[in-house]
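Below is one structure, written out as structure tokens, with a few remarks after it.
The values are calculated or read from the model by the stated rules, or taken from the named source; none is laboratory data. All values derive from a computational prediction rather than experimental measurement. In this analysis, Cβ positions are derived from the backbone assuming ideal geometry, glycine residues included, and neighbour counts consider all displayed protein chains. Keep in mind that these areas ignore ligands, DNA and RNA; they rest on the heavy atoms of the full protein, side chains included. Shrake-Rupley method; radii C 1.70, N 1.55, O 1.52, S 1.80 Å.
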Amino acid sequence: MAAALGLRASARLPRRLKSTAAAALEPWVGADVEALQEKQGKHVWHPMTQQRPWSVAEAAPPVPVARAAGSTLTRMDGTELLDAMGGLWCVNIGYGREEVARAAYEAMTALPFLSPLHGSAPQIELAAKISELLRYDAHVYFTASGSEANEAAFKIARQYHAANVERDPSGPLRHTIIARHRAYHGNTAGAMAATGQAERKIGFGPQPPGYLHVPPPYAYRRPAGVTVEQHGAEVCRQLEETIVMEGEQTVAAFVMEPVMSGGGVLVPHETYLRDVRRICDKYGVLLILDEVVSGFGRTGAMFGHQHYGATPDIITLAKGLTSGYCPLGACAVTSDVFDRFHDDPFGASGKSTLPSRLAHFRSMNTYGGHPVACAVGLKNIEIIEREGLVDRARDVGDFLKASLEAALDGHPLVGEVRGMGLLIGVELVTDVYTRQPIEEDRSAAVVNACAEMGVVVGRNGSTVPGLCNVLILAPPFIVTEDECRKITDAIKRALDAAV
């Protein structure tokens with residue numbers, strides 16, 4: 001096993017990261033940390049956080065983070081945290097990259113803002129680069145986040161069909177978006193409706209109409225006696241049955257992640273995505289791949305779908321597009337989709353339910369294609385390619401997964417360690433034979449215990465009632481071998497304490 005845990009030479013850290021973060025935050029040196037914590041408790045509303053204890057002085061808010069470098073966050077009291085979540089699945093190149101800061105500075109000095117109606121060199125070059133990486137002629141619509149990218153994708157899918165009467169007379173009826181249970185696609189109205197996580201929606205209803213959900217492949221919980229491939233085929237059959245039962249002429253698109261992330265790191269069989277592509281083609285349904293998390297190397301390929309040999313009609317991107325250094329999202333489409341938005345998409349016939357003056361995509365994001373964010377995106381991709389970080393994510397991911405499997409083998413609370421590249425999940429159970437999910441408060445306690453040991457890990461919190469039991473790891477691609485051991489050790493000790 002020891003040999004299996006050694007990194008190949010290609011996965012060695014390319015060079016020591018340097019950071020000017022400490023100097024840049026000089027004004028905060030010597031700041032009154034307790035005063036900042038008090039202001040935080042009174043004025044900052046954090047996401048996914050119960051803040052009542054702060055309001056009634058039962059507990060103090062966390063110490064603010066002052067700076068970060070590599071895979072490490074440093075709080076204002078000097079304590080450090082190894083960030084095994086890469087921020088929120090996004091800091092792929094690691095923290096503290098001076099050249100990214102310089103690229104942002106230079107771009108902001110030259111052009112601090114530009115309406116997306118205009119074109120800038122960073123925007124144009126980034127769109128061309130995305131097309132190159134996708135390996136097909138892509139057309140890129142920029143947004144400021146993954147949620148907005150998915151909203152754009154749903155609009156595009158519906159308008160595509162409205163303008164597609166020449167090929168498909170039922171086009172105007174096609175409005176339904178099919179998504180999957182457990183999946184997360186964003187927090188805006190349409191993206192939330194597509195999200196298959198009940199606890200993210202309870203209290204926010206009613207949801208927008210026109211969204212349905214089908215099961216994802218979940219190999220660990222497949223029926224006894226069924227192979228992983230057979231299980232994937234069965235959930236594909238359910239997708240096809242849903243399209244037929246709803247009326248194929250009403251379905252606009254199917255949206256999915258190549259590897260489900262926030263829903264518990266669900267890795268499909270290698271044939272699943274190709275079967276989905278075949279079903280979508282059979283019924284004239286557009287395939288939207290949400291690669292907000294898996295894009296730009298996270299799974300050990302530049303894009304997650306490139307593992308499986310299937311191409312989407314629409315792909316959504318964010319997070320790793322800039323490694324979180326600037327807010328930026330993107331929705332890229334094939335030429336076939338793009339051409340439906342021309343004012344005369346079918347030549348002389350011109351058959352469309354939309355008048356010619358409305359044929360273009362009538363959507364706008366104020367900060368979409370922001371010149372500074374696009375410059376950061378270009379520099380981020382340059383670093384990923386120059387340092388071979390996609391291969392490194394694959395190799396270090398194999399190392400971390402093997403480390404976890406070795407350390408947690410036979411643990412009474414661990415059902416499965418799974419993942420692809422540096423997207424890894426550890427499913428926690430109370431019984432490895434019945435596979436009963438561990439209680440939510442116990443899984444939360446494991447996360448908290450890791451944090452107390454200086455390691456930030458995630459879990460699929462606020463997803464499906466009773467099924468928030470998967471620890472999630474998505475560290476920066478520059479995470480070291482020793483840091484992987486520290487992550488493994490913290491999880492092992494936290495789980496031992498939870499038995």
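The alpha carbon gyration tensor of the stretch 314-448 gives principal lengths a ≥ b ≥ c with a/c of 1.5 or higher and a/b greater than b/c, which makes the shape prolate.
The dipole here belongs to the stretch 380-422: it is taken about the Cα centre, uses +1 on the Cβ of Lys and Arg and -1 on the Cβ of Asp and Glu, and is about 80 debye.
Rank these residues by their accessible area, most exposed first, probe 1.4 Å: 229, 80, 291, 452.
Values: 229 95, 80 115, 291 0, 452 160 Å².
I get 452, 80, 229, 291, largest accessible area first.
Using equal-weight Cα scatterers in the Debye expression, the normalised intensity of the stretch 70-122 in log10 at q = 0.16, 0.20, 0.24, 0.27 Å⁻¹ is -0.69, -0.83, -0.93, -1.01.
Return the carbon/sulfur percentage of the accessible area of the chain, one whole number, probe 1.4 Å, all protein chains in place. Could you put the intermediate results ahead of the total?
Working: 11840 of 21630 Å².
C and S atoms contribute 55 percent here.
If you stretched the chain out fully between residue 202 and residue 409, how much longer would it get, using 0.36 nm times the residue separation minus the C-alpha to C-alpha distance? It would help to have the intermediate numbers written out before the result.
Values: separation 207, 0.36 × 207 = 74.52 nm, distance 3.67 nm.
Length gained between residue 202 and residue 409: 70.9 nm.
A full extension of the chain between residue 432 and residue 224 corresponds to an added length of 73.5 nm, given 0.36 nm per residue minus the alpha carbon distance.
Please work out how much length the chain gains when fully extended from residue 60 to residue 386, using 0.36 nm per residue of separation minus the C-alpha to C-alpha distance, in nm with one decimal. Provide the component values of the computation, followed by the final result.
Numbers: separation 326, 0.36 × 326 = 117.36 nm, distance 4.32 nm.
Answer, rounded to one decimal: 113.0 nm.
Taken about its Cα centre, the chain carries a charge dipole of about 280 debye when Lys and Arg each add +1 at the Cβ and Asp and Glu each add -1 at the Cβ. Label-to-label distance for residue 439 and residue 105 is 5.3 nm, based on points extended 7 Å past Cα in the beta-carbon direction. Could you tell me the calculated FRET efficiency between residue 187 and residue 238, based on Cβ-Cβ distance and R0 = 35 angstrom, to the nearest 0.05? The formula returns an efficiency of 0.85 here. The distance between label points at residue 44 and residue 88 comes to 1.4 nm (points 7 Å beyond Cα on the Cα→Cβ vector).
Normalised by the number of residues in the chain, what is the relative contact order in percent for Cα pairs under 8 Å and 6+ residues apart? Spell out each step's value before the answer.
Working: 997 pairs, mean separation 106.2, N = 499.
Relative CO of the chain lands at 21 percent.
Seen from residue 411, the other residues with C-beta closer than 9 Å to its C-beta sum to a net charge of -1, counting Lys and Arg as +1 and Asp and Glu as -1.
One entry in (1) 0.99; (2) 3.11; (3) 1.10 is Cα Rg over 2.2 N^0.38 Å calculated from the shown coordinates; its label is (1). Taking the Cα centre of the stretch 433-492 as origin and assigning +1 to Lys and Arg Cβ atoms and -1 to Asp and Glu Cβ atoms, the resulting dipole is close to 180 debye. A Förster radius of 22 Å combined with the Cβ-Cβ distance from residue 283 to residue 342 puts the calculated FRET efficiency at roughly 0.35.
Shape of the stretch 194-328 from its Cα gyration tensor (a ≥ b ≥ c, root eigenvalues): rounded if a/c is under 1.5, otherwise prolate when a/b > b/c, or oblate?
Working: a/c = 1.38, a/b = 1.15, b/c = 1.20.
It comes out rounded by the Cα gyration axes.
Look at the dipole of the chain built from charges on Cβ: of 211, 469, 84, the Cα furthest out on the positive end belongs to 211. Across the stretch 358-499, C-alpha contacts under 8 Å between residues 6 or more apart give a mean separation that, scaled by the residue count, equals a relative contact order of 23 percent.
Summary value for the stretch 41-149: 11 percent relative contact order, contacts being C-alpha pairs under 8 angstrom separated by 6+ residues. Heavy atoms of the protein chains alone define the surface here; on that basis the stretch 26-83 has 68 Å² accessible area per residue at 1.4 Å probe size. Solvent-accessible area of residue 343, all protein chains in place: 100 Å² (probe radius 1.4 Å, heavy atoms, ligands and nucleic acids excluded).
Extending 7 Å from Cα along the Cβ direction at residue 121 and again at residue 80 yields two label points whose distance is 3.9 nm.
Against the compact-protein benchmark of 2.2 N^0.38 Å, the Cα-based radius of gyration of the stretch 439-499 scales to 1.13.
Excluding ligands, DNA and RNA, what is the solvent-accessible area per residue of the stretch 320-455 at a probe of 1.4 Å, expressed in Å²? Before the final figure, lay out the partial values.
Details: 5460 Å² over 136 residues.
On a per-residue basis, 40 Å².
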